[in-house]
Amino acid sequence: MVETSKGLSALNEEFVEVTFRHEPVLATAVGIHDYDHLLPDESLEGFAARRAWLADFSARVAREVSRFGPEVLDTDLALLESRLAAMSIELNEVESRRRDPVRGPENALDGVFLLMSRTFGPLVERKEAVLARLMATPAYLERLQPQLDRVPAPLVEAAVEVVASAPAFVDDVVRALRRSFPGEAERIEHAGDRARLAFLAYREFLERDLAPRATAQAGIGANAFRRRLREEHRLDLELEAIEQLGRDVLASSLAALDEEARRIDPARDWREQISAAAARHPEPAHLLEAYGAETERARDFVVERRLAPAEHDVLELVETPIHHRALVPWTLYLTPPPFDERPAGIFFVTPVDQSRPREQQEVQLRGHAFARIPLIVVHEAYPGRHLQASCARRARTRLRQLASNDLLAEGWALYCAELMDEQDYFGDPLTRLFRLRDLALRACRVIVDTSLHCGRLDFDQAVDLLERQVMIERSEAVREVRRAVIQPTHLLSYLVGKHQIEGIRAEAERRLGSNFHLHDFHRALLSAGALPPALVREDTLRALGVTTGPKAGA
């Protein structure tokens, strides 16, 4: 048994190491700095090497497993198998390298942003990696272009928006480095010039070459979508049941919206009340201040009520980087790197673009309504994504620390909104109205995600559905559906993950009776890591002292 465990541990470590050798920007994000000077090898030869390693590694995992009985087919092995399945589906079926023109420029920009924004080492050392990545950007983007042969038209538009912001981002980086290293100004400018020209060339490729041959096919197809749900996320729900869950929650949340609106003001329906509430928001110069005050209030509330293990990891509140603003109209969260000495989560708030017409600026500000900010903070910070990520980075193995399953992470964040409402955190009844509207939005996302990728809705129909059903601005609906196209199964993860977490909680309450405590349940759930909820169930119940059924993967 010990020999077998060592064999599986070695395989887990190999998976982690090889994954980050192939994904150097992701390595930087989690605090592994051996590859900070590199961008991914996304040439045809690079992808062939990944496929070859994956086939060989999967065969070795199968041989190792065959040497012993089902008693060692534990959660960690099931997690490894789900990660291998995700990699196989991506490389062999989804093939983002052929359909997603946004990923390349975002990778190049994030690779530099992470090095500049995180102080894991002296700037003089990080500077060398920044310059190496800027210098590597032209070849990296050039290698991507001939592979993009089945790109949905809306993603061309999204990619153009991303690369349009890239020169300004590069300018900021160059200025910052020149201030710190004036004696290297010529070298720094040279690297910046190479990167700027690369992004301009990529934009020309998008507009002149790719746009005319873009496809209307937005989805990855039902078979690949089902495989991701079953093998990557370990969902035992059929696709039809998942979509029906979305439809059921949409109907119930819309009914609850009507009821809550009548309670608040019988003369106005929920759409009118939300529209009026959205007009009350901070001034553009005070957005970060408003979010900072609410974040502190939320954390204090979680600690005082002893709702969850509020760790003392640092959370930095900053403006969203310019290259992410095309897809992030309001907020974004970046998890703390588990392997950095001073890990900090980053809570991004997107500032108002004052170069836009006044009416567009007002649309953006309405997303930061005073009544909505508490919901966003609960989702992104406490007790939502940041608290969850802070607990996960202390999980017992590197593979678990690096797991980032959307069903757990986003499902937890949505679960937290209802949890905090149960605890009377949202004093403003209009915030409860926004919560129900957001729940309806998450339900619509399930319908969009499943229907888009299975070919029952096209892009414009999906946008219309969101705009019509849950009263969001069309520009926001377009961004939502773009996310669905880029990240299949992500949009459904919020509601489906919440549903699964509630199921684990209900089982724990039923089996523990009066010995059930929310804090203990949440600590057990979150300490397992951001694994698929189906894999977390056993660890959670065992940590609570409840005897479990068959092990995951058995």
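Centre-to-centre, using Cα atoms only, the range 246-322 and the range 521-538 are separated by 26 Å. The distance separating the Cα centre of the range 394-464 from that of the range 110-155 comes to 30 Å. Beta bridges per DSSP, both residues in the chain: antiparallel share near 35 percent. Among beta bridges from DSSP that stay inside the range 226-496, the antiparallel ones total about 40%.
Counted by neighbouring Cβ atoms within 10 Å, the residues ASP209, ASP520, ASP464 run from fewest to most as ASP209, ASP464, ASP520.
Peptide packing for 218-225, 357-364 was compared via the average number of neighbouring C-beta atoms within 10 Å per residue; ordered from the highest value, the list is 218-225, 357-364.
A simple count of charges around ARG118, restricted to other residues whose Cβ falls under 13 Å of its Cβ and scoring Lys, Arg +1 and Asp, Glu -1, yields -4. Take 472-481, 269-278, 283-292, 433-442 and order them by the average number of nearby Cβ atoms within 10 Å per residue, most first; the result is 433-442, 472-481, 269-278, 283-292. Identify which of the listed values of volume of the Cα convex hull per residue in Å³ was calculated from the structure shown: (i) 170; (ii) 554; (iii) 151. Among (i) 170; (ii) 554; (iii) 151, the one derived from this structure is (iii). Across the range 448-465, rounded Karplus estimates of 3J(HN,Hα) from the backbone phi angles (6.51 cos²θ - 1.76 cosθ + 1.60, θ = phi - 60°) give 4, 4, 5, 6, 5, 7, 9, x, 8, 10, 8, 4, 5, 5, 5, 4, 4, 4 Hz, Gly and Pro being marked x. Shown for CYS416, CYS454, CYS391: other C-beta atoms within 10 Å of each C-beta, ranked fewest to most, produce the order CYS454, CYS391, CYS416.
Read the figures in this text as sums done on the coordinates, not as results from a lab. Just so it is clear, the structure is predicted and the values come from calculations on it, not from any experiment. All Cβ positions, glycine included, derive from the backbone under ideal geometry; neighbour counts span all protein chains shown.
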